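The structure under discussion appears below in the form of structure tokens.
Each value in this text was obtained by applying a stated rule to the coordinates, not by laboratory testing. In this text the structure is predicted, and so the values were computed from the model without any measurement. Please note: Cβ atoms are built from the backbone with ideal geometry, for glycine as well, and neighbour counts cover all protein chains shown.
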Amino acid sequence: LLPGAGSIPDVFLYMRERFGDVYQLWLGSKRMIMINCLEDAQHIFSHRLIYDQGDVFTKNLKIINPHGVICLKGAEFKRHASFTAPLFRRAKILVHFNTITECTDKLLDRWRTQYKDPNEVHLDMIEQSQQLLLGIFGFIAFDYDLQTLEENSGNNKHELTEAFHSFLNTMQIVLQLPTFVARIFWFLNFKARRARTIIDRYVNDMIEHELNSSSEMRSERKRTSFIASLVISLQVDEKAEGAKPEEEKKGLSRVEVMSEMIGFLGAGYGTTSTSLIWFIYFMSKNPQIQNQIKKELAEYNGQRISHEQLDSLVYLECVLRELLRLVGPALGTVRTLTTDDKLPASGFELRKGESVMISFYALARDKRYWSDLYDLNEFHPERFLYDTEHRNNLSALMAFGGGHRQCMGQDLARLELKLICARLMQFVSFGDGGNEVNSGGYDVANVNKPKKIGVTVRFD
């Protein structure tokens, strides 16, 4: 709708240039106060009692996943977070290191069979990336093979895999609709509600399987499976717990455990797969960067690397930081005020009940917070490698949010992304399929994904 603005991210930049650090914007039926100042954003994140989880999450997402931690506030949020947050501590996520490597190797094996012509342009990288991350999610969350990495997985999807895809697509749509329209959409969407029923049935069966297993087996599986870890939090007497005030409740009900598993899927699988797609795109456009990563990996000669070796890959880390800066998994996040407040830097006065959106996209391109060595709209990993004078304010890199409601699974997401990218770079090179099919841009339906990606895949 705006001259020269080709996508929603472009609109955010256009509006910031025209109206400054704080302005009002209607996103559909939702009135947002847009925040483009780092100092104001940090104030919002550090005052958790004034700025609570955004209504867009607590109202819209609650329609389809009412008990997920992202939808909750207050004592109910604290109860759920006490069981879900520990699942993502570093010691917990490192046990999945081999699983991530094995799934990536399985994808590479499939490519060796299907991608024999190094000059053929492949237009299915979005689907390939999604299948990889969904396969990894199945093992980490359920210790279950969703069969997304089989050679014929694209033609013969598992029932649970189909249900996951359908439900995730619905979740993205519901987030963008007015709340009353979202309720109607969900009620009339038989396919999505059937998908939720299928997911619930499988998760319920998995819970029963965990409960019927021996304590020794459950203790062992707790190390490698989210659902096995959450089963120990199940309430002994759900009826008695349900009658208590929220502040006195202990544990999680079975319905709440199922909701958390759905929430993990939506938060983890979608964001990491999108980042992987962008990585493939930028490698195809920047062969010199791709070669530099390969030089850093050369000493391992295709062997599996340890997590200590992964941590030592400095240049790859800079590449991924630049990736998250330029095309992060989220354009921003929303908080809703519980009382009136005044922003310290801009002096803007806010009222109770108003929602503010912190624009990660704009902050990542703001000259006030970044070195002028490289164009902020271009992909330059050296931005982080050569910042010896510390001219980059890394606080402006908010790919996973900030404050007490920042993404609790971000360490797992970073591990997945870095390990997958390292493994791919050990074996394949991505080539540019040409601007007609590989021009990037943003998908209108899902603003975080590239609109056009077409690459060649050559095994080194």
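Side notes on the structure shown:
- Count of lysine pairs in the range 238-366 with Cα separation under 23 Å (8 or more residues apart, or interchain): 5
- Put in line by how crowded their Cβ is, counting other Cβ atoms within 10 Å and starting with the fewest, D205, D366, D124 read D205, D124, D366.
- Sites E159 and S82, calculated FRET efficiency, Cβ-Cβ separation with R0 25 Å, nearest 0.05: 0.15
- Extending 7 Å from the Cα toward the beta-carbon at both K116 and Q172 defines two label points whose distance is 3.3 nm.
- Computed from the C-beta positions of E220 and R18, the FRET efficiency with R₀ = 56 Å rounds to 0.45.
- For V255 and S46, the difference between the fully extended length at 0.36 nm per residue and the C-alpha to C-alpha distance is 72.0 nm.
- Integer Hz, Karplus 6.51/-1.76/1.60 couplings in order for the range 227-232, x for Gly and Pro: 5, 5, 5, 6, 4, 5
- Over the chain: helical MRE at 222 nm, DSSP H runs n ≥ 4 each giving -39500 (n - 2.57), nearest 500: -14500 deg cm²/dmol
- With a simple spin-label model that places each label point 7 Å from the Cα along the Cα-to-Cβ direction, the separation between T338 and L123 comes to 5.1 nm.
- Taking 18 Å as the cut-off, the amide N atoms of the range 304-327 that come nearer than this to a point 7 Å along the Cα-to-beta-carbon line of L385 belong to 310-326.
- Relative exposure of T336, T99, judged by other C-beta atoms within 10 Å (fewest first): T99, T336
- Take the Cα of R458, go 7 Å toward its beta carbon, and the backbone nitrogen atoms of the range 409-430 under 20 Å from that spot belong to 422-430.
- Pairs of Cα atoms farther than 18 Å apart, the range 176-224, %: 55 percent
- Rounded to the nearest 20 debye, dipole of the range 305-460 from Cβ charges on Lys, Arg, Asp, Glu: 440 debye
- Square roots of five times the Cα gyration tensor eigenvalues for the range 152-258, Å: 29, 23, 11
- Which of D21, D200 has the fewest Cβ neighbours within 10 Å, and the rest in rising order: D200, D21
- Percentage of interatomic Cα-Cα distances in the range 209-331 larger than 21 Å: 63 percent
- q = 0.26 Å⁻¹: log10 I(q)/I(0) that the Debye formula gives for the range 89-162, counting C-alpha atoms only: -1.26
- Alpha-carbon centroids, the range 48-69 and the range 334-392: separation in whole Å: 23 Å
- Simple spin-label estimate for S371 and S439 gives 3.3 nm between the two label positions (7 Å along the Cα-to-Cβ direction from each Cα).
- In angstrom, the C-alpha Rg and Dmax of the range 280-338 are 15.8, 55.
- Taking max minus min of the alpha-carbon positions on each principal axis, the range 258-395 gives extents of 59, 47, 28 Å, largest first.
- Each principal axis of the Cα cloud of the range 1-98 was evaluated for its coordinate range; sorted largest first, these ranges are 49, 34, 30 Å.
- Kirkwood Rh, Cα atoms: Rg over Rh of the range 350-460: 1.02
- Gyration tensor (Cα) of the chain, equivalent ellipsoid semi-axes in angstrom: 33, 31, 21
- Within the chain, helices built from complete DSSP H runs that reach 20 Å or longer along their own axis (Cα positions) and carry a mean Kyte-Doolittle hydropathy of 0.0 or higher are 159-176, 270-285, 410-427.
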